[in-house]
Amino acid sequence: MACRAPCGSALPRRPRLWLNSRFVGRDIAVEIEIRQANLAEITGLMDLVRACIVNMQSQGIDQWDDLYPDRGTIQRDVDEGAVFIARMAGVIAGMATLNERQDPEYTAVPWQFFGRPAVIHRLMVAPAAEGKGVARALMRLLETRGASAGHTCIRLDVFVQNPRAVRFYERSSYRRAGLVRFRKGDFFCYEKKILENADSRDLAAAAALRTP
């Protein structure tokens, strides 16, 4: 699965995070290690991007290509400390970006949750690692990371013609908020509240703005 990218600032740089979890896959229990990516891993990350592109295209999903996601985008995100990489047995199994960048198209979406949104981009899992809990582990870490940084909700978009990704986010309790159009076509926008007091914060902020 994957999210398309947008533009803005990365979350504040924090110490490198580690998550060692055990998930039961189809046949075996697997250990997934997640941490912030570093610049020395760029080549491996681009290999992952290309493998995901080939895999999606083999399924008739024309979401990514040679133009995007590009090396410059991935390198910028890694340099900002916004990319999280998942490994299984030392091998790159997936990655995702978490920052505050939102495309201009997001302004037309009728979002339900406001406050301080964090945005997930380019969540992807290596074809050989699919079905082993990698995407779930990444999402859990990204949501925890966002909440710890004071973000009230998560926003993301997913290609309409990627049904597996759509099902994944809906099963992960993400609410479909609207539809946007990018170069490759239509993308559903999803959101999820990650702080229970998000609504009260929004109301308090709105009330403050109305105070003379």
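The values are calculated or read from the model by the stated rules, or taken from the named source; none is laboratory data. None of these values were measured; they are calculated from a predicted model. With ideal geometry, Cβ positions are generated from the backbone for all residues, glycine too; neighbour counts draw on all protein chains shown.
Just to check your reading of the model, which residue among Ile61, Ile53, Ile120 is touching a helix residue (DSSP H, G or I) at 6+ places or on another chain (Cβ under 7 Å) and among the β-branched types (Val, Ile, Thr)? I'd like the intermediate steps shown before the answer.
Working: Ile61 fails: touching a helix residue (DSSP H, G or I) at 6+ places or on another chain (Cβ under 7 Å); Ile53 fails: touching a helix residue (DSSP H, G or I) at 6+ places or on another chain (Cβ under 7 Å).
Unique residue meeting the criteria: Ile120.
What are the residue pairs meeting all of these: first residue in region 64-78, first residue at pLDDT 95 or above, second residue part of a loop (DSSP other than H, G, I, E, B) and surrounded by 15 or more Cβ atoms within 10 Å (Cβ to Cβ), Cβ atoms under 6 Å, and 6 or more apart or on different chains?
The qualifying pairs are Val78/Ala37.
When you go through (1) in contact with a Ser or Thr (Cβ under 6 Å, 6 or more places away or on another chain); (2) modelled with pLDDT of 95 or more one by one for Val134, which number turns out not to apply?
So Val134 meets the others, but not (1).
Report the residue count in region 72-100 for those that are more than 18 Å from Ser148 (Cα to Cα) and either out of contact with any strand residue (DSSP E or B) (no Cβ under 9 Å at 6 or more places or on another chain) or not hydroxyl-bearing (Ser, Thr, Tyr) (or both).
The total comes to 18.
So how many residues does region 39-97 have that are basic (Lys, Arg) and not in a helix (DSSP H, G or I)? Don't jump to the end; show me each part of the working.
At the first step, the residues of region 39-97 found to be basic (Lys, Arg) are 50, 71, 76, 87.
Going one step further and asking which of them are not in a helix (DSSP H, G or I), we end up with 87.
Number satisfying all stated conditions: 1.
Using the structure shown, decide if Cys52 is among the hydrophobic types (A, V, I, L, M, F, W, C), under 25 Å from Lys184 (Cβ atoms) and modelled with pLDDT under 95.
No, not satisfied.
Could you list, in sequence order, the residues of region 131-183 that are part of a helix (DSSP H, G or I) and touching a His at 6+ places or on another chain (Cβ under 8 Å)?
The first filter runs over region 131-183 and keeps only residues part of a helix (DSSP H, G or I), leaving 134-148, 163-171.
Once the filter is applied, which keeps residues that are part of a helix (DSSP H, G or I) and touching a His at 6+ places or on another chain (Cβ under 8 Å), region 131-183 yields nothing.
For the subset of region 43-53 comprising residues that are in contact (Cβ under 8 Å) with a residue 40 or more places away in the chain and among the hydrophobic types (A, V, I, L, M, F, W, C), which member is surrounded by the fewest Cβ atoms within 10 Å (Cβ to Cβ)?
Of region 43-53, the ones in contact (Cβ under 8 Å) with a residue 40 or more places away in the chain are 44-45, 47-49, 51-52.
Next, only the ones that are among the hydrophobic types (A, V, I, L, M, F, W, C) stay: 45, 48-49, 51-52.
Working: Leu45: 22, Leu48: 23, Val49: 21, Ala51: 16, Cys52: 23.
Applying the filter and picking the extreme gives Ala51.
Let's see how each residue does on (1) at pLDDT below 95; (2) among the aliphatic types (A, V, I, L, M); (3) farther than 21 Å from Ile61 by Cα:
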{"residue": "Pro104", "(1), (2), (3)": "no, no, yes"}
{"residue": "Gly115", "(1), (2), (3)": "yes, no, yes"}
{"residue": "Asp157", "(1), (2), (3)": "no, no, no"}
{"residue": "Arg175", "(1), (2), (3)": "no, no, yes"}
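Here are the criteria: (1) outside any helix (DSSP H, G or I); (2) free of Cβ contacts under 8 Å to residues at least 24 places away in the same chain. Tell me which single one Thr107 does not satisfy.
Tallying (1) outside any helix (DSSP H, G or I); (2) free of Cβ contacts under 8 Å to residues at least 24 places away in the same chain, Thr107 fails exactly one: (1).
Just give me the residues in region 95-126 being under 12 Å from Leu45 (Cα atoms) and over 11 Å from the mean Cα position of the chain (by Cα), in sequence order.
Val125, Ala126
What residue, among those in region 82-102 that are of a type in the set (Gly, Ala, Ser) and surrounded by 19 or more Cβ atoms within 10 Å (Cβ to Cβ), is farthest from Glu130 (Cα to Cα)? Show your work before the answer.
Step one: of region 82-102, the residues of a type in the set (Gly, Ala, Ser) are 82, 86, 89-90, 93-94, 96.
From the residues that got through so far, the ones that are surrounded by 19 or more Cβ atoms within 10 Å (Cβ to Cβ) too are 82, 86, 93-94, 96.
Details: Ala82: 23, Ala86: 12, Ala93: 9, Gly94: 9, Ala96: 15 Å.
Selected residue: Ala82.
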